[in-house]
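Okay, structure first, notes after.
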Amino acid sequence: MTIERNPETGQVSWNRDDFTEYHLTGTDVYGKRYKRVVKRWEHVWHYNIYRGTCWGVKPDGKRVRLVEYYN
């Protein structure tokens, strides 16, 4: 897996085919914790994440933090 960061813009890119699924974890606006498991990267953007983290799960089961949200 290769995660690259553009030093000029600060944007991070990776190959989404490196992950078998994605985990969304965090808290909602009421402070309740949640965890969602989705299989496709496109489905991650359908969730309105208030405060949390998007993890990519590799085939060996290890998680890689991709995006972290603070609102």
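Just so it is clear, none of the values below were taken in a lab; they were calculated from the coordinates. Source: prediction; values computed, not measured. Cβ placement follows ideal geometry from the backbone for every residue including glycine, while neighbour counts extend to all protein chains displayed.
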Environment charge at THR25 (Cβ cut-off 14 Å; Lys +1, Arg +1, Asp -1, Glu -1)
+4
Which of VAL38, VAL12, VAL57 moves the most in a Gaussian network model of the chain with Cα springs under 10 Å?
VAL12
Is it possible to state the helix-based mean residue ellipticity at 222 nm for the chain, with each DSSP H run of 4+ residues giving -39500 (n - 2.57), the sum divided by total residues, to the nearest 500 deg cm²/dmol? What is it?
-1000 deg cm²/dmol
Quick one: pull the percentage of alpha-carbon pairs in the chain with a separation above 16 Å.
51
Not counting the cut sites, what is the longest span of the chain without chymotrypsin sites (Phe, Trp or Tyr not before Pro) that DSSP labels loop and that have at most 12 other Cβ atoms within 10 Å?
1-29
What range in the chain is the longest one free of trypsin sites (Lys or Arg not before Pro) that are in a loop by DSSP and have at most 14 other Cβ atoms within 10 angstrom?
1-31
Where labels lie 7 Å past Cα in the beta-carbon direction, separation of VAL37 and TYR69 in nm
2.1
Quick calc: nm separation of the 7 Å Cα→Cβ label points for HIS46 and LYS62 -> 3.0
Could you work out the relative contact order of the chain? I mean the mean sequence separation of Cα pairs under 8 Å and 6+ apart, divided by the number of residues, in percent.
27
